[in-house]
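This report concerns only the one structure given below.
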Amino acid sequence: MGLFMLPFSKVRHSGGLVFLSGELPIVADGPMPEGIEAQTELTLDRITATLQGEGLDLSDVVSVTAYLTEQEDFAAFNKVYERRFPQPFPVRTTVRSDLMLAGARLELTVIAQRRN
């Protein structure tokens, strides 16, 4: 079973909440970008595209879980995160973790809420 054929849902809905599976800095037809800033930008671009498919955007995100492979990447990651997410910022948990995809420096998962 390949990376893109794993047994999980990319998006699930529960009430007014929209849960997105973990997103990595990958592109189907090219190499993974190097560096935490480029990988954060790409990962947030991928999340934004998924949210747009649900009629949402980053302003609808209420919670983020961030997995970083290197503790020293935190400041650079945070700089991109702060620029991309509007205020009020979502709640966030950041964890240092090894990731399954070689070369990936982060993985992000988000929960968004539909506005009434």
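Between His13 and Gln87, what is the label-to-label distance in nm when each label sits 7 Å out along the Cα-to-Cβ direction?
That separation, rounded to one decimal, is 3.3 nm.
Counting other C-beta atoms within 10 Å, which of Glu107, Glu41, Glu82 has the fewest, and how do the rest follow?
Lowest count first: Glu82, Glu41, Glu107.
Just name one of Val62, Val27, Leu44: the one whose Cα is farthest towards the positive end of the charge dipole of region 16-67 (beta-carbon charges, Lys/Arg +1, Asp/Glu -1).
Val62
If you place +1 on the Cβ of every Lys and Arg and -1 on the Cβ of every Asp and Glu, how big does the dipole about the Cα centre of the chain come out, in debye to the nearest 20?
I would put it at about 480 debye.
Determine, for Ile111, Ile36, the number of other Cβ atoms within 10 Å of each Cβ, and report the residues in order from fewest to most.
Starting with the residue having the fewest Cβ neighbours, the order is Ile111, Ile36.
Can you run phi through the Karplus equation (6.51, -1.76, 1.60; θ = phi - 60°) for region 31-45 and list ³J(HN,Hα) in whole Hz, with x for Gly and Pro?
x, 5, x, 9, x, 5, 5, 5, 5, 5, 4, 5, 4, 5, 4
What 222 nm value per residue comes from the helices of the chain, counting each DSSP H run with n ≥ 4 as -39,500 (n - 2.57) and dividing by all residues, nearest 500 deg cm²/dmol?
Helix-only estimate at 222 nm: -8000 deg cm²/dmol.
Which ³J(HN,Hα) values, rounded to whole Hz and listed in residue order, are derived for region 61-68 from phi using the Karplus coefficients 6.51, -1.76 and 1.60 in 6.51 cos²θ - 1.76 cosθ + 1.60 with θ = phi - 60°, glycine and proline given as x?
Karplus-based 3J(HN,Hα) across region 61-68 equals 6, 10, 8, 10, 10, 10, 10, 10 Hz.
With the contact rule set at Cα under 8 Å and sequence spacing of 6 or more, what percent relative contact order holds for the chain?
Relative contact order, the chain: 37 percent.
Please report Ser59, Ser9 as a ranked list, fewest other C-beta atoms within 10 angstrom at the top and most at the bottom.
Ordered by Cβ neighbours within 10 Å, fewest first: Ser9, Ser59.
Since every read-out is calculated from the coordinates, none of them should be taken as a lab result. Every value quoted in this text rests on a predicted model; they were computed, and no experiment measured them. Backbone-built Cβ (ideal geometry, glycine too); neighbour counts: all protein chains shown.
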